[in-house]
Each structure stands twice: as structure tokens, then as C-alpha cells.
């Protein structure tokens with residue numbers, strides 16, 4: 001049985017694809033590598049922000065479901081997403097940047113021996129930056145070379161995801177017995193799990209919480225988190241494994257950019273298992289990734305219909321020369 005390789009991507013819900021694009025491009029300096037639609041709801045944009053080439057383990061993605069209400073944070077939710085930066089010094093840079101751009105943040109804190117900086121966006125979506133200074137394990141990605149952030153401070157990929165759960169006993173058993181994670185540390189109500197090579201790119205921080213009411217999904221919350229598998233053959237192993245443990249799953253799903261399996265592993269917690277490839281470079285050149293509406297081949301015949309549903313968003317950046325600041 002092949003272990004999971006780490007975090008593949010996190011998908012959240014935004015109130016505005018336009019504001020989301022502005023925030024991730026011009027504030028966080030992550031590269032929009034794919035502008036497409038939700039394959040199950042073609043009236044909904046699906047934006048992928050990642051490293052310079054859209055490598056697995058680096059992408060944060062967003063749906064903007066029309067008319068969806070604001071979500072509420074609580075227990076039984078994927079509560080926060082982390083982004084990796086190269087060093088502790090990078091966090092000092094980001095404090096100054098967030099102050100200047102009026103991004104709400106907590107200041108630099110320590111958790112499980114790493115320096116972190118938590119912040120929120122315009123939807124109260126919860127994030128943190130985490131320093132790779134003392135990190136070992138899964139390699140990170142390559143920062144967006146032509147973005148606005150100096151490369152020595154720029155975001156390179158995804159760090160630990162946070163899950164807030166009421167029934168910790170069940171969740172711990174599921175993580176260890178089914179998903180083959182190991183609990184390696186505890187700080188108060190927070191438990192640190194890792195898988196495979198470990199490190200920031202292969203960790204989940206689980207918070208036991210029986211006080212808060214259940215979260216309600218909507219904009220400003222996470223939809224699902226995905227974990228990396230090498231290829232289709234390993235994905236088939238996980239399809240069989242999840243069925244063996246009695247989980248109701250999606251079965252095999254071809255998302256064109258990767259191949260997937262979905263399973264609800266706990267109340268309101270949806271996990272995906274996704275292959276590392278083929279990736280995002282197959283249908284657009286490197287220089288203009290994310291600038292056109294990209295559709296998988298099975299949706300291409302519906303392009304005119306889809307373009308009538310989704311309003312145009314100008315995501316052309318190849319003509320912009322960003323000043324790193």
C-alpha cells in the first residue's frame with residue numbers, strides 16, 4: 001500500500017471571483033495557473049492559484065457559487081489553510097506587507113516548533129503562513145517568478161491544513177488506521193499528524209472542539225482538501241481501500257488536470273485523493289497560464305453556453321511587469 005504523499009490542494013468558496021483574483025495575485029503573489037469552471041456546476045468559476053508552474057501540493061482553489069450565503073466557522077470543518085514561505089525572516093516581511101495593505105492578521109506566533117502568521121481575507125477565510133526555516137520532509141514548490149513578492153519571501157506551496165472536529169477519538173482512528181497518518185505531537189487541544197515524508201507539506205493539525213456549534217458551509221469556508229497520490233494505479237489502491245473501510249465514495253473521477261477520488265471521512269469533512277499529474281501545463285503555454293477560460297475536452301463543446309453563464313474576468317498578467325516590493 002502506497003502512503004499519501006502529502007497535501008495536493010485545498011478548495012474553498014469565495015463571494016467574488018474578481019476580489020479573490022485580486023487578493024491572491026496582488027496581495028499574496030500566488031500565480032493564477034488555471035481559470036476554469038466547476039465541472040459539476042458549469043455556472044461557477046473554479047480558479048486555481050499555485051506556484052510558478054502549478055505543481056501538486058501548491059494550489060489553493062476557489063469556487064464562486066452564485067447566490068451562496070456566507071458560511072460560519074465552527075466545529076466539524078476544515079478550518080484553516082497554510083501557505084509555506086522559505087524562512088522566519090519572510091514572516092517579518094509579510095507582517096509589514098499585511099499592515100501596509102490592511103490585511104487583518106494575528107502577528108507571528110509559534111506552533112509545533114514553527115513560526116506562523118495567521119490572517120484572513122475579505123470573506124473571513126482563515127489562512128496562515130508557516131516558515132520552512134526548520135522544516136524537513138516534502139519539498140515545496142517554486143515561487144511565481146514574475147509576481148510582486150521578492151522571491152526570498154514568496155509563497156512556495158501549501159502547509160498544514162487545520163481540521164476542527166468534535167469527535168476527536170473517531171477522527172484520530174480514521175487518520176491513523178485508514179489514511180495511515182501518525183500523530184507526532186500535541187499542544188493543548190491541537191494534535192499534529194503527518195504522513196509519508198512528513199514536514200509542512202504533509203501535515204494535518206486537528207483541533208478537538210466540543211464547544212463551538214457545527215460550522216455551516218458557505219463563502220469564507222473550505223469546501224474540501226485533497227491529498228497527493230502518485231498516479232492512477234495508486235489512486236485505484238485508495239479507491240479499494242476506502243471502500244474496504246466502508247466509506248461511501250465518488251469512485252474514480254477524471255478531472256483532466258488530475259484524477260480523483262472523493263470521500264466524506266467525518267461529518268462535513270470532505271477529503272479528495274488526487275494524482276500528481278497531468279497538471280496545468282497541457283493546454284496553455286507557461287507564459288500565459290490562467291489568462292484564458294480553460295475547459296477540459298468534455299466541456300469544450302459547451303464553451304458558448306458556459307461563457308454566457310460566467311462573466312468575463314480579466315486575468316491577463318503576461319503584459320504586466322510587477323515591481324517586487
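The values are calculated or read from the model by the stated rules, or taken from the named source; none is laboratory data. Note that the structure is a prediction, hence the values are computed from the model and not measured. Every residue, glycine as well, gets a Cβ built from its backbone with ideal geometry; the counts of neighbours run over all protein chains shown.
The set of residues from the stretch 301-311 being exposed (fewer than 11 other Cβ atoms within 10 Å of the Cβ) and under 22 Å from residue 257 (Cα atoms) comprises 301, 304. Restricted to the stretch 114-134, and to residues that are part of a loop (DSSP other than H, G, I, E, B) and touching a residue at least 24 places away in the same chain (Cβ under 8 Å), which residue is farthest from residue 77 (Cα to Cα)? Ranking the qualifying residues of the stretch 114-134, first place goes to 133.
Looking for something surrounded by fewer than 19 Cβ atoms within 10 Å (Cβ to Cβ) and either part of a loop (DSSP other than H, G, I, E, B) or touching a helix residue (DSSP H, G or I) at 6+ places or on another chain (Cβ under 6 Å) (or both) - is there at least one such residue anywhere in the stretch 226-238? Yes, the stretch 226-238 contains a residue that is surrounded by fewer than 19 Cβ atoms within 10 Å (Cβ to Cβ) and either part of a loop (DSSP other than H, G, I, E, B) or touching a helix residue (DSSP H, G or I) at 6+ places or on another chain (Cβ under 6 Å) (or both). Scanning the stretch 286-309 for residues that are in a loop (DSSP other than H, G, I, E, B) and under 23 Å from the mean Cα position of the chain (by Cα) yields a total of 7. Does the stretch 169-177 contain any residue that is assigned to a loop (DSSP other than H, G, I, E, B), surrounded by fewer than 20 Cβ atoms within 10 Å (Cβ to Cβ), out of contact with any strand residue (DSSP E or B) (no Cβ under 7 Å at 6 or more places or on another chain) and at pLDDT 95 or above? No, the stretch 169-177 has no match at all. Here residue 137 fits the description: assigned to a loop (DSSP other than H, G, I, E, B) and either in contact with a helix residue (DSSP H, G or I) (Cβ under 9 Å, 6 or more places away or on another chain) or in contact (Cβ under 8 Å) with a residue 60 or more places away in the chain (or both).
Looking at 96, 70, 102, can you tell me which residue is in contact with a strand residue (DSSP E or B) (Cβ under 8 Å, 6 or more places away or on another chain) and surrounded by fewer than 18 Cβ atoms within 10 Å (Cβ to Cβ)? Spell out the reasoning first.
Details: 96 fails: in contact with a strand residue (DSSP E or B) (Cβ under 8 Å, 6 or more places away or on another chain); 102 fails: in contact with a strand residue (DSSP E or B) (Cβ under 8 Å, 6 or more places away or on another chain).
Of the residues listed, the single one that is in contact with a strand residue (DSSP E or B) (Cβ under 8 Å, 6 or more places away or on another chain) and surrounded by fewer than 18 Cβ atoms within 10 Å (Cβ to Cβ) is 70.
Among the residues of the stretch 16-31, at least one is farther than 18 Å from residue 123 by Cα and in a strand (DSSP E or B). Please state which of the following conditions residue 180 fails to meet, knowing it meets all the rest: (1) farther than 18 Å from residue 91 by Cα; (2) part of a helix (DSSP H, G or I). That leaves (2) as the condition not met.
Does residue 219 count as surrounded by fewer than 17 Cβ atoms within 10 Å (Cβ to Cβ) and over 25 Å from residue 132 (Cα atoms)?
Values: surrounded by fewer than 17 Cβ atoms within 10 Å (Cβ to Cβ): no; over 25 Å from residue 132 (Cα atoms): yes.
No: the conditions fail for residue 219.
The residues listed here are 149, 161, 155; of these, the one that is closer than 22 Å to residue 54 by Cβ and out of contact with any strand residue (DSSP E or B) (no Cβ under 8 Å at 6 or more places or on another chain) is 149. Every condition in (1) in contact (Cβ under 8 Å) with a residue 12 or more places away in the chain; (2) more than 13 Å from the chain's Cα centre (by Cα) holds for residue 22 except the one numbered (1). Residue 306 - would you say it is more than 24 Å from residue 60 (Cβ to Cβ) and in contact with a strand residue (DSSP E or B) (Cβ under 6 Å, 6 or more places away or on another chain)? When the stated conditions are applied, residue 306 does not pass them.
Would you check which residues across the stretch 182-196 are surrounded by 14 or more Cβ atoms within 10 Å (Cβ to Cβ) and touching a residue at least 24 places away in the same chain (Cβ under 8 Å) and list them? If you could, list the steps in order and put the result at the bottom.
Of the stretch 182-196, the ones surrounded by 14 or more Cβ atoms within 10 Å (Cβ to Cβ) are 183, 185, 190-196.
Once the filter is applied, which keeps residues that are surrounded by 14 or more Cβ atoms within 10 Å (Cβ to Cβ) and touching a residue at least 24 places away in the same chain (Cβ under 8 Å), the stretch 182-196 yields 185, 190, 192, 194, 195, 196.
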